[in-house]
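Since the structure comes first, as structure tokens, the remarks are kept for the end.
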Amino acid sequence: MKSPLLDTRGAVAADAPDQDVAAHYGEPSQEQRALEAGTAFVDRSNRGVVTVTGPDRLPWLHSLLSQHLEGLAPGAATQALLLSPNGHVEHHLHLVDDGETVWIHVETGTAPALAGFLDRMRFMLCVEVADVTDRYAVVTGPAGEGTGPAFPDVAGLVTRIVPRGTPAPEGLRPAGLWAYEALRIAAHVPRMGLDTDHRTIPHEMGWIDEAVHLNKGCYRGQETVARVHNLGRPPRRLVFLHLDGSVDRLPAHGDPVEVPGGRTVGFVGSAARHHELGPVALALVKRSTPVDAELLAGGVAAAQEVVVSPDTGANVKIELRRTAANRG
């Protein structure tokens, strides 16, 4: 659904898959600074929204997803993964229960598939699943602004699910998706579908701490999670890249990441221009890539920073090097 804010003067549509919202409104750097300062909001209404209602909703979701959801307190936001039988990540869910409804927001275009899968798994339980993307939108802004289900986000921001047509928050300027993406990448937070591929497993992205509960009962794909955690290491790892600022372009999604000599060791996920750090990116590389190796990302020189340790797995605790803003 095309956002009405794209009709705002100066609005420029983002590239796919975000073409239904604005990349910026004519002042990308200022918008990013305003968002970080808490004086702007971001329209993320292209994300999907799914609801689950009924008295069995939490134990039922607990049995399907990677997170421990039985007894989830009303208003407590969490993350969860829906895995394939082989442990590959199919959906990354942000969810909160308000006491009557579980509200979920997911990557753009994925709500119909998620809702369809969940609906097929209801059997005789008292739950109802609905894709409500046409009625609700996702908005990110400063804490304390707005109402509706709330999810802590990067840089101290809060993401909310609001009815479509809700007026823009008073006193806040709109910031484009470029602003949010720059803060997300700087916080080392991967995005499903951009920083992942069809082979991604949770350990590679550092989602074990945030979206997986290692001591809960069976769920689809649990065998892979347990095997990597207890016996082995994942084949790849997420890295943060400081890109050469003298180059006038960013690497594109999917561009190869190479070591000197031209050997490909991974691919570029997300890239953005951060107002303080300059051009930055996230990439997924082979675990065996030396942590001090200089890289080429789509032909752009890049210095890597460890996000997921190459020693992840085999009962070695993942250490995500989050920024101070994201830890808050």
Members of the stretch 139-163 that are assigned to a strand (DSSP E or B) and either over 19 Å from residue 77 (Cα atoms) or open to solvent by 30 Å² or more (accessible area, probe 1.4 Å) (or both): 139, 150, 152, 160, 163
Residues that are open to solvent by 60 Å² or more (accessible area, probe 1.4 Å) and more than 14 Å from residue 52 (Cα to Cα), drawn from the stretch 92-112: 109
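Would you please name the residue that is nearest to residue 107 (Cα to Cα), looking only at residues in the stretch 165-186 that are in a loop (DSSP other than H, G, I, E, B) and open to solvent by less than 40 Å² (accessible area, probe 1.4 Å)?
Initially, the stretch 165-186 is screened for residues in a loop (DSSP other than H, G, I, E, B), giving 165-172, 176.
Restricting the remaining residues to those that are open to solvent by less than 40 Å² (accessible area, probe 1.4 Å) gives 172, 176.
Working: 172: 25, 176: 17 Å.
Taking the candidates together, the pick is 176.
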Filter result (at pLDDT 95 or above, farther than 22 Å from residue 49 by Cβ and open to solvent by 10 Å² or more (accessible area, probe 1.4 Å)) within the stretch 187-211: 197, 198, 199, 201
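Can you tell me how many residues within the stretch 109-138 are closer than 21 Å to residue 74 by Cβ and either among the aliphatic types (A, V, I, L, M) or outside any loop (DSSP other than H, G, I, E, B) (or both)? Steps first, please.
Of all residues in the stretch 109-138, those closer than 21 Å to residue 74 by Cβ come to 118, 125-130, 132, 136, 138.
Next cut, either among the aliphatic types (A, V, I, L, M) or outside any loop (DSSP other than H, G, I, E, B) (or both) only: 118, 125, 127-130, 132, 136, 138.
Of the residues in that region, 9 qualify.
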Inter-residue pairs, beta-carbon under 9 Å, first under 14 Å from residue 211 (Cβ atoms) and in the stretch 58-74, second aromatic (Phe, Trp, Tyr) and surrounded by fewer than 16 Cβ atoms within 10 Å (Cβ to Cβ), 6+ apart: 64/117
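Can residue 68 be described as assigned to a strand (DSSP E or B) and touching a His at 6+ places or on another chain (Cβ under 8 Å)?
On the way: assigned to a strand (DSSP E or B): no; touching a His at 6+ places or on another chain (Cβ under 8 Å): yes.
Criteria not met by residue 68.
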Number of the condition not met by residue 234 [criteria: (1) open to solvent by 20 Å² or more (accessible area, probe 1.4 Å); (2) at pLDDT below 95]: (1)
Selection count, the stretch 65-81, where residues are surrounded by fewer than 22 Cβ atoms within 10 Å (Cβ to Cβ) and either modelled with pLDDT under 95 or not polar (S, T, N, Q) (or both): 9
Residue within the stretch 96-113 that is hydroxyl-bearing (Ser, Thr, Tyr) and under 22 Å from residue 200 (Cα atoms) present: yes
Residue in the stretch 244-259 that is surrounded by 18 or more Cβ atoms within 10 Å (Cβ to Cβ) and in contact with a His (Cβ under 6 Å, 6 or more places away or on another chain) present: no
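Please return the ranges of strands (runs of 3 or more DSSP E) entirely within the stretch 12-64 where 3 or more residues are open to solvent by less than 20 Å² (accessible area, probe 1.4 Å).
On the way: elements: 22-24, 40-43, 48-53.
Output list reads 40-43, 48-53.
The values are calculated or read from the model by the stated rules, or taken from the named source; none is laboratory data. Quick caveat: nothing in here was measured; it's all calculated off a predicted structure. FYI the Cβ positions are ideal-geometry reconstructions off the backbone, even for glycines, and counts take in every protein chain you see. The area values use the complete protein model at the heavy-atom level, side chains included, leaving out ligands, DNA and RNA. Shrake-Rupley method; radii C 1.70, N 1.55, O 1.52, S 1.80 Å.
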